[in-house]
1. What shape does segment B:141-195 take by its C-alpha gyration tensor, where a ≥ b ≥ c are the square roots of the eigenvalues and a/c under 1.5 counts as rounded, a/b above b/c as prolate, and the rest as oblate?
2. Where the only charges are on Cβ atoms (+1 Lys, Arg; -1 Asp, Glu), what is the dipole of segment B:115-155 about its Cα centre, to the nearest 20 debye?
3. Which of A:Thr246, A:Thr65 has the fewest other C-beta atoms within 10 Å, and how do the rest follow up to the most?
4. Quick check on the exposure proxy: order A:Phe243, B:Phe146 from fewest to most C-beta atoms within 10 angstrom.
5. Going by how many other beta carbons lie within 10 Å of each one, how would you line up B:Lys152, A:Lys369, A:Lys166, fewest first?
6. Using only Cα atoms, locate the centre of segment A:22-80 and the centre of segment A:286-320, then give the distance between them in Å, rounded to an integer.
7. For the pair B:Asn66 and A:Lys71, how long in nm is the line joining their label points, each one 7 Å along Cα→Cβ?
8. With each label point set 7 Å from Cα along the Cα-Cβ vector, what nm distance links B:Glu57 and A:Glu300?
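Here, each number is a calculation from the coordinates, and none is a lab measurement. A quick note: this is a predicted structure, and the numbers were derived from the prediction, not measured. Quick reminder, even Gly has a Cβ in these numbers, built from the backbone with ideal geometry, and neighbours come from all protein chains shown.
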Amino acid sequence: MAESNKPEDFVKHEYEAGFVTDIESDTFEPGLNEDVIKRLSQIKGEPEWMLEWRLEAYRQFQEMTEPNWQKVNFEPVDLQSISYYSAPKKDSDKPQSLDEVDPELLRTYEKLGIPLHEQKALAGVAGAGTPAESEAESTGGGGAYSNVAVDAVFDSVSVVTTFKEKLAEAGVIFCSISEALQEHPELVKQYLGSVVPRGDNYFASLNSAVFSDGSFVYVPKGVKCPMELSTYFRINAENTGQFERTLIIADEGASVSYLEGCTAPQRDENQLHAAVVELVALDDAEIKYSTVQNWYPGDENGNGGIFNFVTKRGMARGKNSKISWTQVETGSAVTWKYPSCVLKGDNSVGEFYSVALTNNYQQADTGTKMIHLGKNTRSTIIAKGISAGHSDQSYRGLVKFQPTAEGARNFTQCDSLLIGDKCGAHTFPYIENKNSSATVEHEATTSKVSDEQMLFCRQRGIDPEQAVSMIVNGFCKEVFKELPMEFAVEAGKLLEVSLEGSVG
Amino acid sequence: MLTIKNLHASVEGTPILKGINLEIKPGEVHAVMGPNGSGKSTLAQVLVGHEAFEVTEGEILFDGQNLLELEVEERALAGLFLAFQYPVEIPGVSNLQFLRTALNTLRKHHGQDELDAPSFMKLAKEKAKQVDLSPDFLKRGVNEGFSGGEKKRNEIMQMLMMEPRLGILDETDSGLDIDALKTIANGVNTLRADNRSFLVVTHYQRLLNHIVPDVVHVLANGQIIKTGDKQLAMELEEHGYGWLGINEAEAAG
Ligand SMILES: Nc1ncnc2c1ncn2[C@@H]1O[C@H](COP(=O)(O)OP(=O)(O)OP(=O)(O)O)[C@@H](O)[C@H]1O
Ligand SMILES: [Mg+2]
């Protein structure tokens, strides 16, 4: 018999997106000060108010200290040692069409399976191939991205956004936030910082001061966005931080489904990613925001990897509005993020579905906040954590009912799955209830991939790696079914890759 | 087909099997009976390769191959199937997905094409019907929330799909109602063939009325102390193990 046939021996991380694109970049000298912010704003040709906004954020930021209440351990980030802007060099101002985009960049996205050619995307050529087994239904062809518009962000800038015309026909604005500042400054001005204020927290303030690019979405009244929208973030340059800012607004009766994906090269140094995402849903509007996060997690010994410190918050502002977060997190060396919902409108709904997988020496402190303000607001939290190797994971969730939240309800379910016995899983649920008519239900379980389950699968001829992957996928099922179909398949495959490894 | 010679196995240093000898020829059905704790399940688990058990002596040949050199999944692909005494639950993994993965792995091993979704569905529904499981069970998680009897039927359904060379049934009859017992026995009987054998572990002669064995063994304290034909099972039923001079309290050793 082989010496080692424990479930944990079949879990190994192979990071496929770890390559570096060799491209000339314009990169700022490392360092952070007001001049850097002014230069950044100038390069982007931003309106004066935007620069003022940034500088005020920077002033607030300087008053703050890095938070340390999370259950993670890492060397503090030296913010003066990183560069705050890096963009691929180009002759013209901004590429107007794909032909003007550096072929090296196009190849990068092709390698990552992200189609920037609309025709190919429609034909499903560059898609992620055949989905894994989805019950016994036939899988059929078609790429994962066949009906998805993509905004591709490379280091600090958006390289290209696809299907803009098609979306414009429906009245949907989908572009980089830099472009939105040029084309739709009034919308940006109205909503930027309305959900995550400049002084919200250390990294959010930093982001407000130095954010370089990100995506902007506006779906007008009564419009159901005809395509999935997605932004693909790629960190390439060394010693740079990525600070993107995403702002999504669904006007009355509008709905949109948005997906974010991310990867980075394999490097020995840690890199900082501090994003801010703001969602605003007006009356009867619905925003579904899905993340498949696959930043470089560091190597088997815990060297390198991305620090993923992100503030994501959705404001269900109007009555009957809905904000839904779904996240699949497999990457990053250290993650802390709590996509949250502020349920302001009466009858508004907040959802949080999460799968977090940590392996080797990865650390994640993640969860959500559901702030109930309106009457009869409802929230659902389903968090699935999978820990393997020496990794450590915490679920941290706050459910808060304000005195105005008459008849509000929350349901929370936190499940942890352990693979091996060197990893950890922790749950920190916080409940603040200031309204006696509000109800909250909490369930939590911890389980292990057991030797018996492994024996059972293997006795049916299934090899151990596939068995672990199948058991983990089964554990995540409730969350995967919340992802847009195409991405559910991708998420399943991502878990499979993250769990890939050979015997011994 | 299966030859076990002087098999000794222990768990965490405690000997459980203490010199088992057994020969199963193609087409035969062997029953193994014996008091609680005598080592019946251990024998079954050692055969399929459970790693908690250490084989300290002896050998096992399966179709001439040294079984002890093979990994659990290799043994399965070689045609060994165990219907577990306590089938585990795999939450969220549908029976269909599980079975399809298992069956297609087996087919690939034999150089056959994978079954496409419609043919697989048809086959699965047919086999489910054979053990009286409604097709709804195919969509449910593997054994997730199944009753004891449903789990046992599910095991037999899997066996019907996999069509093994040697089917090992570990107390599949325990916890089954009378009708289910017949259904399952019928299922097993449809698989009986000249080149397929069974090792049936049971406490009750009742099952052996339906699955008629060629050979009956009595296992006590890790050894086969008596071998006979189906008559032996009936005598045991009548007289109990005391008749063979086994002190049940000691038998568990
Ligand atoms: N993993 C284990 N660790 C410790 N002891 C074990 C283990 N597995 C089995 N044993 C012991 O080995 C002996 C034989 O157990 P086994 O399950 O093979 O009995 P059995 O004949 O199948 O009994 P039953 O009729 O009750 O199913 C028992 O004393 C049991 O406690
Ligand atoms: Mg037993």
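1. Values: a/c = 2.28, a/b = 1.44, b/c = 1.58.
The shape class here is oblate.
2. Dipole about the Cα centre, nearest 20: 60 debye.
3. Details: A:Thr246 24, A:Thr65 7.
Lowest count first: A:Thr65, A:Thr246.
4. Arranged by neighbour count, lowest to highest, A:Phe243, B:Phe146 become B:Phe146, A:Phe243.
5. Details: B:Lys152 26, A:Lys369 20, A:Lys166 14.
Placing the least packed residue first, the sequence is A:Lys166, A:Lys369, B:Lys152.
6. Using only Cα atoms to place each centre, the spacing works out to 19 Å.
7. 4.8
8. Output for this residue pair reads 4.0 nm.
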